[in-house]
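First the structure, in the form of structure tokens, and then the observations on it.
The values are calculated or read from the model by the stated rules, or taken from the named source; none is laboratory data. Remember, it's a predicted structure, so these values are computed and weren't measured experimentally. All Cβ positions, even for glycine, are placed from backbone atoms using ideal geometry, and neighbour counts span all protein chains on display. Heads up: the accessible areas ignore ligands, DNA and RNA and are worked out on the full protein's heavy atoms, side chains in. Shrake-Rupley method; radii C 1.70, N 1.55, O 1.52, S 1.80 Å.
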Amino acid sequence: MSCRVGVLVSGRGSNLQSIIDKCQSGEIDAEVAVVLSDNKEAYSLERAKKAGIEAYYIDPEVTKPVLIGKAEDNYIDALNKHKVDLVCLAGFMRIVKEKLISQFKWKMMNIHPALLPSFKGLHAQKQALDYGVRFAGATVHFVTGDVDGGPTILQAVVPVYQDDTEETLSKRILKEEHRIYPEAIDLFSKNRLKIKEGKVFIEGTNGE
Ligand code: GRF
């Protein structure tokens with residue numbers, strides 16, 4: 001049976017779209033069971049509905065960018081109601097806390113537009129440009145209590161050019177995000193991700 005994915009979003013949802021497309025085309029062994037947004041206006045909600053996927057806004061109840069209290073319970077209830085096997089944060093602009101993380105231990109992923117552990121937090125692409133790195137990229141990682149710090153599942157590298165702007169670099173990275181997030185979900189779904197001593201090993205490869 002294919003893996004049921006719950007996706008948490010806040011905005012435009014281009015990663016959500018790539019996940020939906022690759023699930024629906026059968027390219028990856030998963031299905032999006034539900035999409036939950038902390039933002040009523042998120043275009044992600046429309047994308048999901050267009051694809052025939054249940055999607056709704058759940059009031060986060062606090063202005064601080066965290067998911068806590070009753071709202072956290074409501075998100076957990078919705079994910080359980082839809083019998084989700086894996087939770088994917090895809091541009092979800094809140095820090096998730098222990099209760100949700102422990103419910104989905106090693107069953108929750110995030111994508112970050114940088115080669116972690118460099119450039120955690122907001123505006124990662126701008127941080128990379130400001131630093132002057134020659135290569136940037138994207139990371140899919142398991143979510144732990146350490147924000148943007150959980151074990152790496154997949155990464156992709158892109159070059160940084162001298163005339164890059166935040167926009168051009170973000171676009172180059174995003175293209176890779178759309179490739180590696182569905183790939184990470186597929187690996188999870190096929191039970192190929194093993195955690196040993198705090199690191200992720202991909203079964204059936206030598207990690208190349
Ligand atoms: C992506 O760059 C992702 O890495 C970051 O937030 C952005 C979300 O974009 N966490 P989208 O909503 O998937 O288009």
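So which helices (runs of 4 or more DSSP H) are wholly in the stretch 1-109 and hold at least 3 residues that are within 22 Å of ASP146 (Cα to Cα)?
69-81, 98-103
List, please: which pairs have Cβ atoms under 6 Å, are six or more places apart or on different chains, and start with a residue in the stretch 2-19 that is farther than 14 Å from LYS49 by Cα and end with one that is open to solvent by 20 Å² or more (accessible area, probe 1.4 Å) and among the small types (Gly, Ala, Ser)?
Hits for this filter: CYS3/SER189; SER10/GLY91; GLY11/GLY91.
Checking the conditions here, which among LEU169, LEU122 is surrounded by fewer than 11 Cβ atoms within 10 Å (Cβ to Cβ), modelled with pLDDT of 95 or more and within 12 Å of the ligand (Cβ to nearest atom)?
LEU122
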